[in-house]
Each structure stands twice: as structure tokens, then as C-alpha cells.
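The values are calculated or read from the model by the stated rules, or taken from the named source; none is laboratory data. Predicted model only: the values in this text are computed from it and were never measured. We place every Cβ from the backbone using ideal geometry, glycine too, and count neighbours over all the protein chains shown. We work out accessible area using only protein heavy atoms, side chains counted, and drop any ligands, DNA or RNA first. Shrake-Rupley method; radii C 1.70, N 1.55, O 1.52, S 1.80 Å.
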Amino acid sequence: MRRHRPIHPLPLRIMHWLNVIAIVTLIGSGWEIYNASPILPFSFPQWAVIGEWLGGAIAWHFAAIWLLMLNGLAYLIWGTASGHFRRKLLPITPRAVFDDLLAALSLRLQHEEGVYNAVQRLLYWGVISLGILAVLSGLAVWKPVQLWYLSDLFGGFGFSRIVHFAAMSGICAFLLIHVLLVALVPRVLPAMIFGGRVPETTHAE
Amino acid sequence: MTSPLDRRALLSRGLILGAATMLSGCNYDDLQHPDMADRFLTGMSRWNDRVQAALFSEHRLAPTYPASAITRPPRFNAYYDIDQAPQVDPATWRLELTGRIADKRPWTLGQLRALPQESQITRFICVEGWRVVGQWSGVPLGQFLRRINADTKARYVSFQCADGYYESIDMPSALHPQTILALDFLGEPLTAPFGAPVRLRIPTKLGYKNPKSIVAMGVTNVFPSGYWVKQGYNWFGGS
């Protein structure tokens, strides 16, 4: 029996912050790559992109992708093996999501230390799926000849680019909500750095 | 009729790309004096070369298209303006051969045209993200390398161009059946902007790995790099 259980175990915290580095680098450099041949009638501002020019952006993108993939794989294995997914992100029912969403929108949803509400659970499953989608569609854009089956899966080179862009947009939407919630409940931030401590009352569970 | 200004706007993307390389900061601004980020990124890029070489299959063909899919008008792309494309006299042009090749006699255009030709309608994907479909025909590079008794166990095939551009590819990609020394584009001899008199057409790689207006070809085990690679692009550039 441990003396106290952290809200966020050390492996999760390490993977979380490695993921921040990977995601920020991938999105910033991805925007610069997008700017070389935009598929929508806008470009990302130069202050927001990483890499300074296309060659630099591609180099950052294809360096950071290894961090994202290895870190993501470690997260999926750890999350499954440690029971993190089962304990923290399940169960999830439409009813609970609906109730929690209603409570959140009327600002009545309480933050319970070390417990994800149903909306959070849905968002985490969503962003994990989007991450996998971004990697697969990215591979399809990277190797439409060698990985032709992935390219075909996403409807060819042009559609793969659109799917990749959509996955990025979804991840950005998640990040916006994610950071906004931290701003609303700032005491969750130290826990993601130092681990935090699950209150005694929920310890018995 | 397009005014010089319109044409300039049309071609500006290639120029912007060229000009962007002069920006300062890290990220490959001065590869003569690489900083830590440059060294890290170069190391990762070499690793990605190896991953791409492992993914490459000599039997996997790039998709081919019907004639109706050909992009018209064709899209010119280079790091210079279209009227600066090198003018090569086809009568005096010779393909010089260097390195690990037994028969180094230079080739004339007529000699190349006398060889069996292959035609392909394939997709050309630029590293910038756009793509076009075109028809190219010419001499399969693998057959040509065997004809001149090149060392096909060597690692690289390099190309020097009339405009100072240079590129190199790995031997497995050079021997791929769809890799050709193209002489014709859209059923006509290549024009200057599209790489006259001979260009490399390799649909299993990105656009910048398709050098135009080739004047010399070499086979070597010494990494020959490339014009864009020297500035930070990935060398393998596979598709």
C-alpha cells in the first residue's frame, strides 16, 4: 500500500510534456508546409509557423513525427497495460456525456481531483483517434506510391492532404478547449508537472 | 497573352522558395556553418533516408493515368524564371559519363533516340504539395546503365545539369522500371523550360529529384548530394 497516489503518475507526465513538444513542432511546421501550396484560400501567418522556409519546416516535421509516434505508441501500451484507460477513461455512456455537457455549459460541473468527467473522457478518446488519423493520413501524403493502400484508403493524394488538414484542425480545436479548461481551473496545472495528490476521500475507491 | 508581370506572379512560388533560403536564423540558413538544430535535423533527415530506402520496392509501380488526366497547360517550375531556362543546342549536346561506368563514350541525342523508348503518363508530385499529371517518354535508365556497363552495385547515380542544378538518386530507384531518361514530353521533344534535351523522369520520387537539361551522369559510391539537399531538403525524396 502506497502512502499517496499521484493524480498523474510519472510516466503519464513525461509522455504528456514530450507530446507537447512533438505536437507544437508538428503543427507549426505543418502550417509552413501547408503555406507552400495552400488547399484553402488562406495561409498561416509567418509568426505562427516553425521552420522559416519549406525545407526547414519539412525537416522539423519529419524529425518531430518520430517523437510523436514513439511517444504515442508508449502511451497506448502504457495506458492499456497499466489500466489507465480502463480506470480513467472508461466507462463512457452517451447519457453521462449529455448530463456532464449540460452541467458544464451551465457552469455547474465540479472539477473532481483525479477524475475525468464524461465530456473529458469523450474528448480524450476523440483526440487519441485524431492523432492516429493524423499519423495515418500523413503517411499517405508522405508515400502515396510505397504506401498506396493508405493513399487509397483516404481517397488518393489530394484527399489525404484534406484528411491530414482536418485531423490537424480537430487536434487544434481540442488544444483550444484543453488549454481553456486549464485556464478556468488553473490548479490542475501543477498536478501535471509535479504529480499532485489524490484526496484521501477518493483514495478508498 | 500574359504580361511579364502576370507571368512573374505565376512563377513567383519557385522564386519565393529560392529567396526564402536566404532568410537568417537556424533551420538551414547557412549550412556551411551548421548550428545544433541544423546538425540534429540533418541527422534525422539521413535517418529518414534509410527508412525510405527500406520502404522502397523495385516492384511497386507509381500509378499511371489515362491521357484525359494530363494537366494542360503543363506547369513550369524551377528556382528561376521561365525565360531563364537553359538553351541547349541539341546538335552539339552530349551526355558525358563519369565514375563507375565501363563505357564512358559520350552519347548524342540521336544515339539516345535510337534506343528502345518507354512512354508513361504519371503523376509528378512537388515537395510543396501540388501535383500534375504528364506524359513523358524516353530511355529506361536501368537499361541504359546496363548498356554502358555501369556498376549497378554502386550506391548512387548523379546528374549534372546545364543550369548548374545537380541531383543524385539511389541505385535501386535508378533501376526501377519507371525511371527514364526522358526525351519527349506530351508527345513532343522536350522544350527548354521542361528540361530539353534530356531530363530524368522518376515518378517514385518528388519533383526536385527529376533534374532537367542533363549534361553529365555519373555512377559513384561517394554521396553526391543535390542542389536542394545542400540547402536542407531530404535527399531520398521518395514518393
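A few comments on the model shown:
- Residues of the stretch B:56-71 that are within 10 Å of chain A (Cβ to nearest Cβ) and either touching a strand residue (DSSP E or B) at 6+ places or on another chain (Cβ under 7 Å) or buried (at least 16 other Cβ atoms within 10 Å of the Cβ) (or both): B:F56, B:L61, B:A62, B:P63.
- Looking at A:S37, A:S137, just one residue is assigned by TED's automatic domain parsing to the domain that holds A:H164 and small (G, A, S), and that residue is A:S137.
- Residues in the stretch B:53-75 that are among the polar types (S, T, N, Q) and part of a helix (DSSP H, G or I): B:S68 only.
- In the set (1) more than 18 Å from B:E128 (Cβ to Cβ); (2) modelled with pLDDT of 90 or more; (3) facing another protein chain (nearest Cβ under 9 Å); (4) open to solvent by less than 80 Å² (accessible area, probe 1.4 Å), the condition left unmet by B:S45 is number (1).
- Residue count for the stretch A:143-176, restricted to those that are aromatic (F, W, Y), within 14 Å of another protein chain (Cβ to nearest Cβ), without any contact (Cβ under 8 Å) to a residue 60 or more places away in the chain and within 26 Å of A:S43 (Cα to Cα): 2
- Candidate set: the stretch A:1-59, residues that are over 22 Å from the mean Cα position of the chain (by Cα), farther than 17 Å from A:F165 by Cβ and touching a residue at least 60 places away in the same chain (Cβ under 8 Å); chosen: the one surrounded by the fewest Cβ atoms within 10 Å (Cβ to Cβ): A:H4
- When B:Q143, B:Q120 are checked against the criterion of being more than 14 Å from chain A (Cβ to nearest Cβ) and either of a type outside the set (K, R) or in contact with a strand residue (DSSP E or B) (Cβ under 8 Å, 6 or more places away or on another chain) (or both), B:Q143 stands alone in meeting it.
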